[in-house]
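One structure below.
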Amino acid sequence: MRTTVIATLLATAVTLSLVAGAQVKEGTHKEGHLDYDHQSAWKGTLDHAQSPIDIVTTDAQKAVPNEPLALQLQHLTGAQVDKVEDNGHAVQVDSHTTEADIRGRHFTLNQFHFHAESEHTLDGKHFPLEGHFVFKAQDGRLAVIGVMYREGAANPAVQVLLDDLAAAGGKLPQPQIDIAALLPHKLGYYHYLGSLTTPPLTENVEWYVLPEPVSMSKTQIDAFLSHYRHNNRQIQPLNGRPLIRYEG
């Protein structure tokens, strides 16, 4: 009897292992890796409020005149960088000192990362890169500020990140960064309610996409592209969700 039980347990373990292997192959992610060529196999909670979207500027509703406080960011200069890494599907920076009051509510920056090409589009136009600055409220609510990057003058804050990334897990040569240099001067935005753009694709995420692009040099863009040339999720339908334009 004991031999039979052991054999059954072994057979079950092998079966589960095969199933798990198949899921990783189909879907998509193992130790942070995502297969962007087979996004239809991603596992997650898929409803009717997914991200990213194409922002059709003429369809956006103008924000009400008393839009509450909009985006108010603090502790941008000298922000502490805890880690810069290639996490398997993006270049990610962990930083927790920057705070934000977003439409009257308090959030703290958790991390920011980069997608190539941009995940959101403006009137169908992609940018070379899009940065996602992920903020979290005390109650767990997420708000993401999306920033577009274009080719132009070199960006010293971007170079800090690239130098830290080159340290490959060692001591960061520059453990502080000027996050303001990664953001446009004008914090006007397009706002809608969407989702995470990677599994589990959780919805009820507040999005604030800044249309004014920030420049970085071709060399700096190429440095990001050397890690990922295609880590952008496909455009998702808006499905009647309100899209708000705040001029800033």
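Each reported figure results from applying straightforward, stated rules to the coordinates on display, with no laboratory input. All of these numbers come straight from a predicted model, not from anything done at the bench. Neighbour counts are summed over all protein chains in view; Cβ atoms, including those assigned to glycine, are modelled from backbone coordinates with ideal geometry.
Relative to the longest principal axis of the Cα atoms of the chain, the long axis of helix 2-27 lies at roughly 30 degrees. Placing unit charges on the Cβ atoms only, positive for Lys and Arg and negative for Asp and Glu, gives segment 96-185 a dipole magnitude near 220 debye about its Cα centre.
Please report the net charge: other residues with Cβ closer than 15 Å to the Cβ of VAL209, K and R +1, D and E -1. Intermediate results must be reported in sequence, preceding the final value.
Details: positive: ARG103, LYS125, ARG150, LYS186, ARG233, ARG241, ARG245; negative: ASP54, ASP59, GLU117, GLU119, ASP123, GLU130, GLU206, GLU212, GLU247.
That works out to -2.
Compared with the dominant Cα axis of the chain, that is its longest principal axis, helix 156-166 is turned about 20°.
Longest exposed-loop-site-free stretch of the chain, with trypsin sites (Lys or Arg not before Pro), DSSP loop and at most 14 other Cβ within 10 Å? Write out the running numbers ahead of the final one.
Values: sites that count: LYS43, ARG141, LYS171, LYS186, ARG229.
Longest run free of exposed loop sites: 44-140.
In the chain, a dipole from Cβ-located charges (positive for Lys and Arg, negative for Asp and Glu) runs towards its positive end, and of ASN204, GLY152, VAL214 it is ASN204 whose Cα lies farthest in that direction.
Once you reduce segment 134-212 and segment 34-102 to the center of their Cα atoms, the two points are 7 Å from each other. For the chain, adding -39500 (n - 2.57) for each run of n ≥ 4 DSSP H residues and dividing by the number of residues yields -6000 deg cm²/dmol at 222 nm. The computed Cα extents along the principal axes in Å for the structure shown corresponds, within (1) 75, 46, 34; (2) 47, 40, 35; (3) 66, 41, 36, to (1).
Arranged from fewest to most other beta-carbon atoms within 10 Å of their beta carbon, HIS106, HIS126, HIS132, HIS120 become HIS106, HIS126, HIS132, HIS120. With the simple model of a label 7 Å out from the Cα in the direction of the Cβ, ASP86 to LEU46 spans 2.9 nm.
Charges only on Cβ, +1 for Lys and Arg, -1 for Asp and Glu: so what's the dipole of the chain about the Cα centre, in debye to the nearest 20? List each step's numbers first, then the result.
On the way: 19 positive and 28 negative charges, 89 e Å.
I would put it at about 420 debye.
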